[in-house]
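The values are calculated or read from the model by the stated rules, or taken from the named source; none is laboratory data. Quick caveat, the model's predicted, so the values are computed rather than measured. Cβ placement follows ideal geometry from the backbone for every residue including glycine, while neighbour counts extend to all protein chains displayed.
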Amino acid sequence: MTSRSNSPINELQPPSDAAVDEHFEGEAVEQYPGGIEPGGPEHEEDGEFSLDEIDDDDTSITSSVHRHTFRNGRRYHKFRHGRYPIPNDEREQHREDILHVMMLEAIGGRHFFAPITTRPSKILDLGTGTGIWAIEVADMYPGAEVTGVDLSPIQPEWMPPNVHFIIDDMEDTWLAGDGFDFVHLRNVVPILKSPVTVLRNIYANLKPGGWVELQDVDGKVHTDDASIPPNWSLSLFCDLLTQAFAAFGTDANAAERGRAYMEVAGFVNVRHHAIKLPYGPWARDRTLRVVGEYYRIACEEMFPVVGAMHLPMLGWSQIEAEVLFARCRSAMKDPKVHAYGLMHFWCGQKPERG
């Protein structure tokens with residue numbers, strides 16, 4: 001490694017508090033509003049962190065017509081190469097399914113917050129990934145036609161008869177169809193070049209009275225008890241990722257701005273929910289311990305694949321990045337630091353008339 005006196009790894013600094021977008025109104029966090037109570041080993045239960053229920057053996061299809069590229073030992077989609085800088089291999093598919101199980105655990109088994117009061121006939125899942133959300137919702141609404149859209153052909157070969165998948169770029173010409181009752185996007189908005197453009201396309205293809213929901217984690221590290229130490233590695237990583245996303249033309253903190261995006265696109269009755277995702281199993285509450293362990297595992301997989309693509313844009317070498325990833329993994333195992341990510345759920349409605 002080339003020696004540099006200003007090497008980023010020697011300048012571990014906590015991120016400054018970025019100014020929040022003027023449209024973000026800071027709705028209250030509803031889950032555990034009094035703060036998460038820390039726990040200890042005496043609160044753990046045998047088997048509560050088992051990942052056996054997540055089976056990744058049947059999540060992908062192979063076809064000679066779909067091409068891929070490889071980098072640093074990981075497989076990426078070839079279609080619109082570089083548009084979504086995350087692998088699509090089996091490891092990443094398993095991570096996505098871990099996040100899905102974590103989310104169901106965190107919000108009591110529900111798949112969305114949008115107030116769908118009638119039986120929907122058409123549902124769209126943009127950025128469907130492995131298709132697990134689309135498939136489960138199709139089982140919930142067997143009378144609905146469910147469409148999943150993604151850049152990667154990694155959806156299962158066997159699925160309910162009311163599900164189909166399209167390989168497409170949601171930021172390109174709209175090919176997903178129209179007349180939808182509900183459109184869902186999860187872990188998508190922070191990597192969009194123009195969330196408002198995508199939402200305007202959704203608006204144009206929703207039925208009057210239809211709903212859209214955005215589900216994304218913001219790019220910050222939070223705590224309720226000031227337990228995050230100065231120069232904490234995970235804080236640095238999130239700050240660097242925010243800078244790198246900006247250089248890439250996207251917004252790591254886009255999850256905060258859902259109301260502004262939706263209202264500019266024409267949606268009304270915008271609603272907001274937020275939940276806390278602990279970095280590790282430090283919480284006293286059993287559900288939050290399970291959620292925290294899932295989130296820690298998913299983040300450990302995410303750090304190197306996201307960082308390897310973005311940190312070089314900020315002048316970091318591979319060795320420096322690997323040192324930071326190791327520090328982040330260690331940081332999430334410290335039960336004295338009660339840090340969490342904040343997941344935002346924004347839903348908005350297309351007006352019934354007008």
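So is Asp178 in a loop (DSSP other than H, G, I, E, B), touching a helix residue (DSSP H, G or I) at 6+ places or on another chain (Cβ under 6 Å), farther than 22 Å from Ile107 by Cβ and modelled with pLDDT under 95 or not?
Working: in a loop (DSSP other than H, G, I, E, B): yes; touching a helix residue (DSSP H, G or I) at 6+ places or on another chain (Cβ under 6 Å): yes; farther than 22 Å from Ile107 by Cβ: yes; modelled with pLDDT under 95: yes.
Here the answer is yes, as Asp178 does meet what is asked.
Spot the failing condition for Pro229; the list is (1) buried (at least 16 other Cβ atoms within 10 Å of the Cβ); (2) modelled with pLDDT of 95 or more; (3) under 30 Å from Tyr340 (Cα atoms), and only one is missed.
(1)
So Thr130 ticks every box in (1) part of a loop (DSSP other than H, G, I, E, B); (2) in contact with a strand residue (DSSP E or B) (Cβ under 8 Å, 6 or more places away or on another chain) but one. Which box is left unticked?
For Thr130, the exception is condition (2).
Check the stretch 123-141 and report whether any residue there is surrounded by fewer than 19 Cβ atoms within 10 Å (Cβ to Cβ) and either under 16 Å from Val212 (Cβ atoms) or of a type in the set (S, T, N, Q) (or both).
no
What helices (runs of 4 or more DSSP H) lie completely within the stretch 226-340 and have 2 or more residues being free of Cβ contacts under 8 Å to residues at least 40 places away in the same chain and more than 26 Å from Ile107 (Cα to Cα)?
Ranges flagged: 318-331.
Of Gly209, Gly292, Gly249, Gly258, which residue is out of contact with any strand residue (DSSP E or B) (no Cβ under 6 Å at 6 or more places or on another chain) and modelled with pLDDT of 95 or more? Lay out the reasoning, then the answer.
Details: Gly292 fails: out of contact with any strand residue (DSSP E or B) (no Cβ under 6 Å at 6 or more places or on another chain); Gly249 fails: modelled with pLDDT of 95 or more; Gly258 fails: out of contact with any strand residue (DSSP E or B) (no Cβ under 6 Å at 6 or more places or on another chain).
Answer to the selection: Gly209.
Restricting attention to the stretch 133-174, report how many residues are more than 21 Å from Val198 (Cβ to Cβ), small (Gly, Ala, Ser) and assigned to a loop (DSSP other than H, G, I, E, B).
Number of matching residues: 2.
Kindly evaluate Val264 against the criterion of being under 21 Å from Gln215 (Cα atoms), of a type in the set (A, V, I, L, M, F, W, C), surrounded by fewer than 18 Cβ atoms within 10 Å (Cβ to Cβ) and in contact with a Gly (Cβ under 9 Å, 6 or more places away or on another chain). Write out each step before concluding.
Numbers: under 21 Å from Gln215 (Cα atoms): yes; of a type in the set (A, V, I, L, M, F, W, C): yes; surrounded by fewer than 18 Cβ atoms within 10 Å (Cβ to Cβ): yes; in contact with a Gly (Cβ under 9 Å, 6 or more places away or on another chain): no.
It is false that Val264 is under 21 Å from Gln215 (Cα atoms), of a type in the set (A, V, I, L, M, F, W, C), surrounded by fewer than 18 Cβ atoms within 10 Å (Cβ to Cβ) and in contact with a Gly (Cβ under 9 Å, 6 or more places away or on another chain).
Scanning the stretch 193-212 for residues that are of a type outside the set (Ser, Thr, Tyr) and either surrounded by 22 or more Cβ atoms within 10 Å (Cβ to Cβ) or without any contact (Cβ under 8 Å) to a residue 24 or more places away in the chain (or both), which turns out farthest from Val137 (Cα to Cα)?
If we filter the stretch 193-212 for residues that are of a type outside the set (Ser, Thr, Tyr), which is where we start, we get 193, 195-196, 198-202, 204-212.
Those still in the list that are either surrounded by 22 or more Cβ atoms within 10 Å (Cβ to Cβ) or without any contact (Cβ under 8 Å) to a residue 24 or more places away in the chain (or both) too: 195, 198-199, 202, 206, 210-212.
Numbers: Pro195: 24, Val198: 22, Leu199: 21, Ile202: 19, Leu206: 18, Gly210: 16, Trp211: 15, Val212: 15 Å.
By that ranking, first place goes to Pro195.
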